Amino acid sequence: MMNLEIKEMTCAHIEEIARLEKECFSSPWSEDGLKAELNNNFARFFVAFSGEKVAGYIGSHNVLGEVYITNVAVFPEFRRNGVGKALVEFLVNEMKSENAEFVTLEVRKSNQNAISLYEKCGFEKVGERKKFYEKPTEDAILMTYFIK
Ligand SMILES: CC(C)(COP(=O)(O)OP(=O)(O)OC[C@H]1O[C@@H](n2cnc3c(N)ncnc32)[C@H](O)[C@@H]1OP(=O)(O)O)[C@@H](O)C(=O)NCCC(=O)NCCS
């Protein structure tokens, strides 16, 4: 496992995270979309660093103890090194200390890598949303980590 540091997202990280979004998703978040989260009181976004380099990030919204993961992404050159797991575990621990009830997310049904990551972190499959995604159209699996 590489040496990682996880920090709260700031303005200085937005450009690199927007680049990461573009590399990973067919409908990526824009710089403006990410920037708006800096002023959102419900939002907690964290960035994983390997030295000076951004390795990955995780975004979340905590609304009255119900936490929703908006996105998790790791740059291809840093994958399979435990970065995704470190980010998800870090977020879950933060939310435990904030007395959240659960952490939930959607993931594409075909995204087995991400599904295994979430299962490793203690998330359970709790449902499906038909045709939730576009580009390409696909069902979502709903996964939840129950804290209380
Ligand atoms: C999914 C993603 C975040 C995983 O990040 P990562 O840093 O590579 O994940 P980790 O190294 O922490 O892997 C944790 C576990 O997830 C599973 N996993 C992750 N990538 C995998 C792969 N390519 N093949 C098989 N299992 C994989 C494994 O169970 C792994 O544990 P192991 O390495 O001990 O076998 C990364 O692949 C990514 O950014 N993908 C594109 C964006 C995306 O799909 N995000 C999720 C949206 S819901």
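Laboratory data are not the source of any read-out in this text; all were calculated from the coordinates shown. What you see is a predicted model; the values in this text were computed from it and never measured. Backbone-built Cβ (ideal geometry, glycine too); neighbour counts: all protein chains shown.
Could the peptides 4-12, 129-137 be put in order, highest first, of the mean number of other beta-carbon atoms found within 10 Å of their residues?
Packing order, densest peptide first, comes out as 4-12, 129-137.
Any idea how far the Cα center of region 59-108 sits from the one of region 112-141, in Å?
14 Å
Where a Cα-Cα gap under 19 Å defines reach, which aspartates and glutamates qualify for Lys85, not counting those fewer than 8 residues away within the same chain?
Partners within reach: Glu5, Glu8, Glu21, Glu77, Glu94, Glu106, Glu119, Glu124.
For the residue pair Arg80 and Tyr68, what label-to-label distance in nm results when each label sits 7 Å from Cα along the Cα-to-beta-carbon direction?
So the two model labels end up 3.4 nm from each other.
Please label the shape of region 5-146 as rounded, prolate or oblate, based on the square roots a ≥ b ≥ c of the eigenvalues of the alpha-carbon gyration tensor (a/c under 1.5 means rounded; beyond that, a/b larger than b/c means prolate, else oblate).
rounded
What is the set of long-range amide H partners of Phe102 at a cut-off below 5 Å, with H atoms built 1.01 Å from backbone N?
Amide H to amide H, under 5 Å and 5 or more residues apart or across chains, Phe102 pairs with Val67, Ile147.
So which of Lys35/Lys96; Lys22/Lys120; Lys7/Lys120; Lys22/Lys130; Lys53/Lys130 end up more than 32 Å apart by C-alpha?
Distance filter (> 32 Å) returns Lys53/Lys130.
For Asn113 and Glu16, compute 0.36 nm times the residue count separating them, minus their Cα-Cα distance, and round to one decimal in nm. Working shown, then result.
Values: separation 97, 0.36 × 97 = 34.92 nm, distance 2.29 nm.
Net length gain for the segment: 32.6 nm.
Could you calculate the contour length gain from Lys125 to Asn99, that is, 0.36 nm times the residue separation minus the distance between their Cα atoms, to one decimal place in nm?
Answer, rounded to one decimal: 7.2 nm.
Could you work out how much longer the chain between Asp32 and Phe132 gets when fully extended? Use 0.36 nm per residue separation minus the Cα distance between them, nm to one decimal.
33.6 nm
GNM, the chain, Cα, under 10 Å: largest mean-square fluctuation among Gly59, Gly84, Gly33?
The residue with the greatest mean-square fluctuation here is Gly33.
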